[in-house]
Amino acid sequence: MIEEGRALFLQIAESVEDSIIDGSLPEEGQAPSTNELAAFFRINPATAAKGVNMLADKGVLHKRRGIGMFVAPGARDLLLAERRTAFADRFVDPLLVEARKLGLGADDLSRLILDRAAAADAVLASSDRRRAEASVTTEGTSR
């Protein structure tokens, strides 16, 4: 789970952010303690604390004295906005630059994305059907 070449405290912060975004760590919910994160990731508690403190500085977590760290109200929306901006900067802007080089306009890009999304959805649906069929077959033979 830990990536080489990336600061551990950033990976800890991102892991907590992911939990907030996917809803497994709700707003006003208690965040894992520094010691819990350190034990889970097998890292120094000071490193885990650095990641947690970074989130507190961003306003994602807040401390309740004597109780622990909790997810701040509005944290999910804040993180989603931040991630959407980063996504646009990292993927959409270069896509637009390349599209212009290829002479593709906004309508062309929309069609291309919709076609690719439909193809991906079809592959996922087919995969889901195969898994369901395999599950039924497995259940029928295990009796």
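Read-outs: derived from the displayed coordinates by stated rules, not from any lab. All figures in this text were calculated on a predicted structure; none of them were measured in a lab. Positions of Cβ are generated from backbone atoms using ideal geometry, with glycine treated the same way; all protein chains shown enter the neighbour counts.
Report yes if Thr47 is of a type in the set (S, T, N, Q) and either in contact with a helix residue (DSSP H, G or I) (Cβ under 8 Å, 6 or more places away or on another chain) or farther than 24 Å from Glu3 by Cβ (or both), otherwise no. Yes: the conditions hold for Thr47.
Where helices (runs of 4 or more DSSP H) sit wholly within segment 14-96, none has at least 3 residues that are of a type in the set (Phe, Trp, Tyr).
Pairs meeting the criteria (first residue in segment 105-124 and assigned to a helix (DSSP H, G or I), second residue surrounded by 10 or more Cβ atoms within 10 Å (Cβ to Cβ), beta carbons under 6 Å, at least 6 apart or on different chains) are Leu109/Ala99. Just a yes or no: is a residue in segment 5-23 more than 18 Å from the chain's Cα centre (by Cα) and not polar (S, T, N, Q)? Yes; the residues of segment 5-23 include at least one that is more than 18 Å from the chain's Cα centre (by Cα) and not polar (S, T, N, Q). Counting only residues that are surrounded by 12 or more Cβ atoms within 10 Å (Cβ to Cβ) and among the acidic types (Asp, Glu), segment 78-129 holds 2 of them.
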